[in-house]
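I have placed the structure first, in the form of structure tokens, so that the comments after it can refer back to it.
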Amino acid sequence: MTGTLAATLIDRAFQERLGALLEERAPRIDAAELAAQSTVRLLVTEGLLPTVEGASPRVPAPFDLLRAGELLATVAWFDLASAFSLWCHMMTMLYLAWAEPGSVLREQWLGELTRAERDGSTALATALGHAQTGRPLPVQASGQASGGIVLNGFVPWASNLTERFLVVTPVQSGSDTLVVAVPSETPGVFVEPYPRLLALQATASTTLRFQNALVAAEFVLARDALAFLRTVQPAFLALQASFCWGLAARALAEARGHLRGVNVVFEPDIAEAEAELTAAARALRSLLAQALGSADHELRCRALELRLATMRLACRAVALEAKTKGGQAYRAESGTARRLRESLFLPIQTPTEGQLLWELQRSNWST
């Protein structure tokens, strides 16, 4: 990329190469006939998944966050369930970039995630609730003479909870908080039945419970969950904003394609949203280029604001698509109906719209 920052996050070459396949798969993933995680495996097969440089002596190890954002936006153009599952997986990979060089998390588990031999599950939502309200974390840890820790409690909501996963979750250890990676095969780890969801059924999302689950000390990723959350939050939010952007871009393209007859009255609204989409792409590219640097107050606030803006833009764009499609949008099997359902998830995904606003207002930042 040269000159000014690009006004899109869509990878056109990737879109042309796999677009027809992803378009065909989207309704099957929506119907949970295909697992959303299968898209992650497809990307690995095609050599498209960004990787953490596990052999690097740096902490965090290098990771192409901009490439990850482009990939998320392009996948979200086709279906949000796949993009969300991909986001969970890449965030788990990114957490392990903070593991010490030579550690088992870097040497073994990061490799399994990179090859999609197991699915990555991010479960840091409770850390945000702990930071905002001070309530104890729902997973408690007690020490063992062996140096390991025993986990009890639950993660209220996590995704990519498949047969083989690695979940990264905050835990309460006395007055301290830790961030721990837990493999699915750990004795005492239980996945509750998957509930029926309005959308994203294929993401394998449910509650995760720990009953005297013993985890070796080498699986402790950080010893201050709130500090870790602050560090990873800009990247976490920027990548969420990327898949919001991809959904918005597809909806606006569909809406513009139906500007005929009486629908021309919506042209000013679509043009305004498209201008916001272009500005958001430039802002996102800038944020993605910086988000793995120092997580200072200004950077974190920019990330919060951009996540809020792209979420709201996606919801508005999908509503515009539905208005221009008319009755066809009400057909349950239509792409528009799927995007309507997907968009309803965005304001309640952690951080929710309420949490974003609360954080920004507490920071005296513009909204």
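The values are calculated or read from the model by the stated rules, or taken from the named source; none is laboratory data. Only a predicted model underlies this, so the values are computations on that prediction, with no experimental measurement involved. Cβ coordinates were reconstructed from backbone atoms using ideal geometry, including for glycine residues, and neighbour counts include every protein chain displayed. Accessible surface is based on the protein model in full, side chains and every heavy atom, while ligands, DNA and RNA are left aside. Shrake-Rupley method; radii C 1.70, N 1.55, O 1.52, S 1.80 Å.
As I understand it, the value is the acute angle between the Cα axis of helix 267-290 and the longest principal axis of the Cα atoms of the chain; what does it come to in degrees, rounded to 10?
Taking the Cα atoms of the chain, the angle to 267-290 is about 30 degrees.
Can you give me the convex hull volume of the Cα atoms of region 58-199, divided per residue and expressed in Å³?
Measuring per residue, one finds 144 Å³ for the Cα hull of region 58-199.
Output the peptides 81-93, 213-225, 298-310 sorted from most to least packed, where packing is the average of other Cβ atoms within 10 Å over each peptide's residues.
Result, highest mean first: 81-93, 298-310, 213-225.
Give the accessible surface of the chain per residue, rounded to a whole number of Å², with probe radius 1.4 Å and ligands, DNA and RNA excluded.
40 Å²
How do the peptides 146-157, 69-80 rank, highest first, by the average count of neighbouring beta carbon atoms within 10 Å per residue?
Packing order, densest peptide first, comes out as 69-80, 146-157.
When only alpha-carbon atoms count, how far does region 246-315 stretch along each of its three principal axes, as whole angstroms with the largest first?
51, 15, 15
Relative to the compact globular guide of 2.2 N^0.38 Å, what is the alpha carbon radius of gyration of region 251-367, as a ratio?
Dividing the Cα Rg of region 251-367 by 2.2 N^0.38 Å gives 1.21.
Quick one: Karplus J couplings for region 315-331, per residue in order, coefficients 6.51, -1.76, 1.60, θ = phi - 60°, nearest Hz, x for Gly and Pro?
5, 5, 5, 5, 5, 5, 4, 4, 5, 7, 7, x, x, 4, 5, 8, 6
For region 48-65, take each phi angle, set θ = phi - 60°, evaluate the Karplus expression 6.51 cos²θ - 1.76 cosθ + 1.60, and give the result in whole Hz per residue in order, putting x for glycine and proline.
10, 6, x, 10, 7, 7, x, 7, 5, x, 6, 10, x, 5, x, 8, 7, 5
Computed from the mean reciprocal separation of all distinct C-alpha pairs, what Kirkwood hydrodynamic radius does region 167-217 have, in Å?
One decimal place: 12.7 Å for the Kirkwood radius.
If you split all Cα-Cα distances of region 45-137 into 10 Å bins from zero, what percentages do you get per bin, shortest first?
Distribution as computed: 16, 42, 31, 11, 0 percent.
Once each part is reduced to its C-alpha centroid, what is the distance from region 132-150 to region 207-254 in angstrom?
If you average the Cα positions of each part, the centres end up 19 Å apart.
May I ask you to give the percent of accessible area on region 140-253 that is carbon plus sulfur, with a probe radius of 1.4 Å?
Carbon and sulfur: 53 percent of the exposed surface of region 140-253.
Report the dimensions of the chain along its three principal axes from the alpha-carbon atoms, largest first, rounded to Å.
The Cα atoms of the chain stretch 74, 44, 38 Å along the principal axes, largest first.
Express the relative contact order of region 1-134 as a whole percentage, based on alpha carbon pairs under 8 Å and six or more residues apart in sequence.
26 percent
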